[in-house]
1. Name the residue, out of Val112, Val138, that is within 16 Å of the ligand (Cβ to nearest atom) and either under 30 Å from Ala350 (Cα atoms) or in contact with a Lys or Arg (Cβ under 8 Å, 6 or more places away or on another chain) (or both).
2. Could you identify the single residue in His282, His267 that is more than 14 Å from Asn327 (Cα to Cα), buried (at least 24 other Cβ atoms within 10 Å of the Cβ) and either within 12 Å of the ligand (Cβ to nearest atom) or touching a residue at least 12 places away in the same chain (Cβ under 8 Å) (or both)?
3. Have a look at Pro353, Pro316, Pro346 and point out the one that is assigned to a helix (DSSP H, G or I) and not aromatic (Phe, Trp, Tyr).
4. With respect to Arg124, is the statement that it is within 24 Å of His28 (Cα to Cα), more than 16 Å from the ligand (Cβ to nearest atom), outside any loop (DSSP other than H, G, I, E, B) and among the charged types (D, E, K, R) true?
5. Any residue at all in the range 239-253 that is in a loop (DSSP other than H, G, I, E, B) and of a type in the set (S, T, N, Q)?
6. Looking at the range 60-81 only, could you name the residues that are more than 16 Å from the ligand (Cβ to nearest atom), over 21 Å from Arg22 (Cβ atoms) and surrounded by 18 or more Cβ atoms within 10 Å (Cβ to Cβ)?
7. Consider Arg246 carefully, then state whether it is modelled with pLDDT of 85 or more and within 24 Å of Thr60 (Cβ to Cβ).
8. If a residue has to be over 15 Å from Ala64 (Cα atoms), among the hydrophobic types (A, V, I, L, M, F, W, C) and touching a helix residue (DSSP H, G or I) at 6+ places or on another chain (Cβ under 8 Å) to count, how many in the range 3-29 make the cut?
Amino acid sequence: MAYAIVGQPAEGSLSGFAAALRLALERHGFEPALPEEAALVLNIVDRGRPRPFRRRSRGTFVAALHALEESPPDPLREGYPVLVRALANVSLAYVPGTGVWFTTLERGSYLVPCDDGLHTLARRVVDRLEPLARSRLVIDNEFRPDLEPELWGGDAITESIADAGRRLDTLGLLPAPFPVEDLVDANDLRHIKRLYGIGGLSYGNLSARKDETRFWMSASGVDKAKLEIPGRDILLVSGYDAEAARIVLSVPPGIEPRRVSVDAIEHWRIYREHPDVGAILHVHAWLEGVPATEVNYPCGTEELAANVAELLAAEPDPGHAVIGLRNHGITATGATLEEILDRVAPRLLAQVPMS
Ligand SMILES: [Zn+2]
């Protein structure tokens, strides 16, 4: 895998760490390349005015690297704006003597500690970064205006999804979308939407099975408490074009559909592999004692979908299970969304543990 280090010249302690990272990357098999040819780009930024690296292809994974004098009281609040403004996939804040704080798009915020020298730290950072950088996003949509007319206005299932969205709001399980538009201009916002397929960075999603092969799912970047218009806010996923890595959606004619939630690939896999799963809920909250993924792959990647599907298949009852997504949240299956919420909501913890 080719990598490049771009951006501001690293100064002070950051220059030593950048050099250690370069060494660790090359020991790991990464090869130096021109930025436009690199699959992993480390963009060294000034956190006050992070200059974005504009990737030519979505397959390029960008880490915004910057330095802090000490660990911030709220690392997420510190890292998230840098991540968004630098148009990066992850923010890495190097704190000399302490370690590196990772901040992910899923609001993950965790420290890779420095307790054994700079080179060990650099190696650990590369170990945590590599699987994320190698993962593959499946977030393209293909809209086909072939939805049968009797579903143009939705059905009892879309109503159950809208109800569950309102219930999540009442339960306080819908964190406010991050105010991305306050951090970046319109141009960069378009770049972000193209890049991650998300409009407004909202969190969580809901879906319910329609029939053997299809399911309804909430759209991306929409307030889950206001899933009002079927075909726009709730979409019928009718297939997956693996070759083009595109989610296929059946929509009514004459409506401007939103994009489906970036996790559609994960739900698609679960419905296909487990005929007894009737509904799936994903929230950024936690449940004690559930099996969880070890790598915090980004939302919307094949790797996250495969990892969750694998853990689910190992459950005694995959049709009524809860899987943890490390540093991220949970994915729960059930007969209906109502049944999932009845079973899971009373035990949900608002705070996702970070490690
Ligand atoms: Zn999520």
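1. Exactly one residue qualifies, and that residue is Val138.
2. The match here is His267.
3. On the way: Pro353 fails: assigned to a helix (DSSP H, G or I); Pro316 fails: assigned to a helix (DSSP H, G or I).
Going through Pro353, Pro316, Pro346 in turn, just one is assigned to a helix (DSSP H, G or I) and not aromatic (Phe, Trp, Tyr): Pro346.
4. yes
5. No, every residue in the range 239-253 fails to be in a loop (DSSP other than H, G, I, E, B) and of a type in the set (S, T, N, Q).
6. Residues satisfying the conditions are Pro75, Glu78, Gly79, Pro81.
7. Considered against the rule, which asks whether it is modelled with pLDDT of 85 or more and within 24 Å of Thr60 (Cβ to Cβ), Arg246 comes out as yes.
8. 4
The values are calculated or read from the model by the stated rules, or taken from the named source; none is laboratory data. Because the structure is a prediction, the values reported are computed rather than measured. Here Cβ is always computed from backbone atoms with ideal geometry, including for glycine, and neighbour counts include all displayed protein chains.
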